[in-house]
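Asks: Dropping a structure here in structure tokens format, bear with me for questions.
The values are calculated or read from the model by the stated rules, or taken from the named source; none is laboratory data. If you're wondering where the values come from, they're calculated on a predicted model, not measured in any experiment. FYI the Cβ positions are ideal-geometry reconstructions off the backbone, even for glycines, and counts take in every protein chain you see. The accessibility values were calculated without ligands, DNA or RNA, using every heavy atom of the protein model including side chains. Shrake-Rupley method; radii C 1.70, N 1.55, O 1.52, S 1.80 Å.
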Amino acid sequence: MERLVERLEKAVERLETVCQGPGMCGDGSSKGVAQYVQAFDALLAGPVAEYIKISKEVGGDVQKHAEMVHAGLMSERALLVMASQHQQPTENAFSSLLKPISEQIQVVQNFREKNRGSKLFNHLSAVSESIPALGWVAMAPKPGPYVKEMTDAAMFYTNRILKEYKDVDKKQVDWVKAYLSIWTELQAYIKEYHTTGLTWSKTGPVATVGAKLPSTPAVGAAPPPPGPPPPPAPAPVCASSDDTASRSALFAQINRGEGITSGLRHVSDDMKTHKNPALKNQGGPVRSGPKPFTAPKPACNANPSQKTSPKAPALLELEGKKWRVENQENATNLVISDTELKQVAYVFKCTNSTLQIKGKINSITLDNCKKLGLVFDDVVGIVEIINSRDVKVQVMGKVPTISINKTDGCHVYLSKNSLDCEIVSAKSSEMNVLIPTEGGDFTEFPVPEQFKTVWNGQKLVTTVTEIAG
């Protein structure tokens, strides 16, 4: 691993040297490359290099993750070089050209999912939540705001890091600043060179999947970072995609621009009911208005005998120190009883089910669950609820922190021993905390969702907004 990082640092140094002269960045030829490729190289040599350097100092999972992020940025640079020398390709060809970036995003996100027990999990989460920003090349007409949206998604975790290390480890604070500066600089870069979408050359051949790219800087010569291999591209299916599918799937749909309106039919005056009242009295069903435009879906296979891929198998197993509870449906008696303090539980994509966890464990994560009931005894770390809907969580013993993120509908039942629990929420709605009474019942208290912020002359002051019903 140290050898890889050394090679990466040397490569960045070579890139800085190459980019000092005009027209000598990119492939290093005397012909030069587009100005926006040189500007992207400057971003790699500046904020990205600083992020890689500090990540190496932090070490461990953060260092490995940084190498994966760098690989994604280099895939993006290769696409920028192609765009600078080729005309815009067809939709299908562009989707294929985006595939390396999409796959690297999945590598970064999968690394986080496989290391939920990491001591640096907040670092991994900050990167994993914001890495889809690399997909700005497929966004039009507003790629800049898309990057900002992805950056904001990382703030929940970077704020945690700052809170934990602010007066303890300055290196961790510097890491946050270095990482966020990548996306800040990228927004400025997009605003200057790709305001309404990726800029393609007006001359040269049309880009194709097999088009030969100029040689990239030596930075790209480093071996690919360790991590799970990218999954195969899913076959087109007729069913609608899941609301919580990876953002990288957006790359498969290319913005059609003005082509959106090409299929609309002109309505003449004799077809308008306000100019021809007689049309209202004609029989037949009432016609609804036009539906909002939605991204086109892959065409279904004409052969009805071919079905969609089978559902993932239901799991309830202990893998190392992680209890995996996945893809459970209509299971009302799931129980984990043989627990240890160092173990964690990861509950993924479970629907209409209930799970009881006995004993004391380190942490519990609910991810992509719907209508799930969770009952547990004691947790020494955190209970995290993300990307879920209509879940109920009951604490029988103690838990120091419950985090609710991107969740709609969450009821938390506290015990008398857990009344000092800290509940952190973001981008969520319909949250309620239920407090036990002396009679054994619960009193329900809603978690605020609306806030008021004012400037008091020195700083912003935010208070809860209470609206009388």
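Asks: Which residues, taken from the range 55-76, are among the β-branched types (Val, Ile, Thr) and open to solvent by less than 10 Å² (accessible area, probe 1.4 Å)?
Replies: Val62, Val69
Asks: Could you tell me whether Gln356 is open to solvent by less than 30 Å² (accessible area, probe 1.4 Å) and of a type in the set (S, T, N, Q)? I'd like the intermediate steps shown before the answer.
Replies: Numbers: open to solvent by less than 30 Å² (accessible area, probe 1.4 Å): no; of a type in the set (S, T, N, Q): yes.
Answer is no for this residue.
Asks: Taking the condition open to solvent by 20 Å² or more (accessible area, probe 1.4 Å) and at pLDDT below 90, does Thr195 pass? Before you say what the answer is, go through the steps one by one.
Replies: Values: open to solvent by 20 Å² or more (accessible area, probe 1.4 Å): yes; at pLDDT below 90: no.
Judged against the criteria, Thr195 is not a match.
Asks: Just to check your reading of the model, which residue among Lys427, Lys392, Lys406, Lys416 is in contact with a Pro (Cβ under 7 Å, 6 or more places away or on another chain) and basic (Lys, Arg)?
Replies: Only one candidate passes the filter, namely Lys416.
Asks: Do you know which of the residues in the range 153-190 that are among the acidic types (Asp, Glu) and buried (at least 16 other Cβ atoms within 10 Å of the Cβ) is nearest to the chain's Cα centre (by Cα)?
Replies: Glu185
Asks: When you scan the range 402-413, how many residues do you find that are open to solvent by 10 Å² or more (accessible area, probe 1.4 Å) and more than 23 Å from the chain's Cα centre (by Cα)?
Replies: Counting residues in the range 402-413 that are open to solvent by 10 Å² or more (accessible area, probe 1.4 Å) and more than 23 Å from the chain's Cα centre (by Cα) gives 2.
Asks: Are there helices (runs of 4 or more DSSP H) fully within the range 35-150 with at least 3 residues that are under 24 Å from Asp169 (Cβ atoms), touching a residue at least 40 places away in the same chain (Cβ under 8 Å) and in the same structural domain as Tyr179 (by the TED database)? List them. Please lay out each step first, then the result.
Replies: Numbers: elements: 35-43, 49-58, 60-85, 91-113, 121-130.
Helices (runs of 4 or more DSSP H) meeting the threshold: 49-58, 60-85, 91-113, 121-130.
Asks: Sticking with this one: Could you run through the range 332-344 and say how many residues are open to solvent by less than 80 Å² (accessible area, probe 1.4 Å), in contact (Cβ under 8 Å) with a residue 24 or more places away in the chain and aliphatic (A, V, I, L, M)?
Replies: 1
Asks: Let me ask something else. Counting only residues that are within 28 Å of Lys342 (Cα to Cα) and in contact (Cβ under 8 Å) with a residue 40 or more places away in the chain, give me the strands (runs of 3 or more DSSP E) lying completely in the range 366-469 with at least 1 of them.
Replies: On the way: elements: 370-379, 382-386, 389-395, 401-405, 408-413, 422-426, 429-436, 442-446, 451-455, 460-464.
Qualifying strands (runs of 3 or more DSSP E): 401-405, 422-426.
A quick yes/no check of all residues on (1) under 21 Å from Cys369 (Cβ atoms); (2) outside the structural domain of Gly381 (by the TED database); (3) open to solvent by less than 100 Å² (accessible area, probe 1.4 Å):
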| position | (1), (2), (3) |
| --- | --- |
| Gln394 | yes, no, yes |
| Lys427 | yes, no, no |
| Met431 | yes, no, yes |
| Ile435 | no, no, yes |
| Gly439 | no, no, yes |
| Val447 | yes, no, yes |
| Gln450 | no, no, yes |
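Asks: Sort out which residues of the range 414-425 are of a type in the set (Val, Ile, Thr) and either farther than 16 Å from Asn387 by Cβ or open to solvent by 60 Å² or more (accessible area, probe 1.4 Å) (or both), and write them in order of number.
Replies: Passing the criteria: only Ile423.
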